[in-house]
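Asker: Right, I'll just put the structure down here and ask away after.
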Amino acid sequence: MGFSDKRLLETLCLLLCVALASDSAEVEETTTCSTDNFRCSNGRCVPQRWVCDYQRDCEGGEDEPQSCAPPQCNPNQFSCGQYVFNQSYCIPKHWKCDNVVDCVDGTDESGNCKYRVCEEGDHKCGSGLCVPASKKCDGYYDCRDESDEASCATNGTSCRLNEFRCRHGNKCIDESKKCDHWDDCGDNSDEEGCDFAPCNEGQF
């Protein structure tokens, strides 16, 4: 073995030792996490506040166990009966009893659902749900597949049932923005017909 071959072999051995030492140090660093951190199964440490925050931070999802409390749904949402991470739990209220199962336990389509019996002239959605003829081309999507607003001569934009359609139909805003003392539509139609409390003395 020549000098150059021996030198090459020594260099390779040195690089291998450095790599092994680096791997060992990395394992040691991730074996134990500080008290304000949570240890994932792969050794990664994540902040404790990330546990049960409804976002998967550990590769295996250990930071979002089934024992986590369900999220708090908004007043305009329906809470499913069973919480499973990464599955629908808080759904729009108009998704309840629409003939499409969204909850993992099916509670949005069970219980006191009263489905409309199809009548002549009704529009039948892709899900099988029937909506009255008066709701076809009315500027709102009553069908989940939006088929009731397809090929309509209606001017403007069609909105979802949890949205408010501005007067000229050129804009949809979240229903919660109606009567919030702010002209979100631009034509003030979202602030008309509101039951605002009268101002007290000294208020404007």
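The values are calculated or read from the model by the stated rules, or taken from the named source; none is laboratory data. This structure is a prediction, so every number in the text was calculated from the model and none was measured. Cβ atoms come from the backbone with ideal geometry, glycine included; neighbour counts cover every protein chain shown.
Asker: Taking the condition without any contact (Cβ under 8 Å) to a residue 24 or more places away in the chain and surrounded by 14 or more Cβ atoms within 10 Å (Cβ to Cβ), does ARG167 pass?
Answerer: Numbers: without any contact (Cβ under 8 Å) to a residue 24 or more places away in the chain: yes; surrounded by 14 or more Cβ atoms within 10 Å (Cβ to Cβ): yes.
Spelling it out, ARG167 is indeed without any contact (Cβ under 8 Å) to a residue 24 or more places away in the chain and surrounded by 14 or more Cβ atoms within 10 Å (Cβ to Cβ).
Asker: Right, next: Among (1) without any contact (Cβ under 8 Å) to a residue 40 or more places away in the chain; (2) surrounded by 13 or more Cβ atoms within 10 Å (Cβ to Cβ), which single condition is SER151 missing?
Answerer: (2)
Asker: If you don't mind, another one. Out of all the residues in segment 131-148, which are in contact (Cβ under 8 Å) with a residue 24 or more places away in the chain and assigned to a strand (DSSP E or B)? Spell out the reasoning first.
Answerer: Our first condition is that a residue be in contact (Cβ under 8 Å) with a residue 24 or more places away in the chain; within segment 131-148, this holds for 139-140, 144, 147-148.
The one that is in contact (Cβ under 8 Å) with a residue 24 or more places away in the chain and assigned to a strand (DSSP E or B): TYR140.
Asker: Can you tell which of ASN200, ASN155, ASN170, ASN112 is within 29 Å of the chain's Cα centre (by Cα) and more than 28 Å from ASP102 (Cα to Cα)?
Answerer: Numbers: ASN200 fails: within 29 Å of the chain's Cα centre (by Cα); ASN155 fails: within 29 Å of the chain's Cα centre (by Cα); ASN112 fails: more than 28 Å from ASP102 (Cα to Cα).
Just a single option satisfies the conditions, and that option is ASN170.
Each row is one residue, and each column tells you yes or no for (1) at pLDDT 90 or above; (2) farther than 29 Å from ASN86 by Cβ; (3) hydroxyl-bearing (Ser, Thr, Tyr).
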site	(1), (2), (3)
PHE3	no, yes, no
LEU8	no, yes, no
LEU12	no, yes, no
SER22	no, yes, yes
GLN55	yes, no, no
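Asker: Looking only at residues that are exposed (fewer than 15 other Cβ atoms within 10 Å of the Cβ) and polar (S, T, N, Q) in segment 174-198, which one is farthest from ASN76 (Cα to Cα)?
Answerer: Of everything passing the filter in segment 174-198, ASN188 is farthest from ASN76 (Cα to Cα).
Asker: Would you confirm, using the coordinates I've provided, whether SER88 is at pLDDT 90 or above, surrounded by 10 or more Cβ atoms within 10 Å (Cβ to Cβ), of a type in the set (Gly, Ala, Ser) and closer than 30 Å to GLU175 by Cα? Before you say what the answer is, go through the steps one by one.
Answerer: Details: at pLDDT 90 or above: no; surrounded by 10 or more Cβ atoms within 10 Å (Cβ to Cβ): yes; of a type in the set (Gly, Ala, Ser): yes; closer than 30 Å to GLU175 by Cα: yes.
Answer is no for this residue.
Asker: Look at segment 105-125 and say how many of its residues are surrounded by 16 or more Cβ atoms within 10 Å (Cβ to Cβ) and either in a loop (DSSP other than H, G, I, E, B) or assigned by the TED database to the domain that holds GLU64 (or both). Explain how you work it out, then say what you get.
Answerer: As a first pass, look at segment 105-125 and keep what is surrounded by 16 or more Cβ atoms within 10 Å (Cβ to Cβ): 107-109, 122-123, 125.
Restricting the remaining residues to those that are either in a loop (DSSP other than H, G, I, E, B) or assigned by the TED database to the domain that holds GLU64 (or both) gives 122, 125.
So the answer is 2.
Asker: Let me ask something else. Counting only residues that are touching a residue at least 24 places away in the same chain (Cβ under 8 Å) and surrounded by fewer than 16 Cβ atoms within 10 Å (Cβ to Cβ), which one in segment 52-73 is farthest from TYR140 (Cα to Cα)?
Answerer: GLY61
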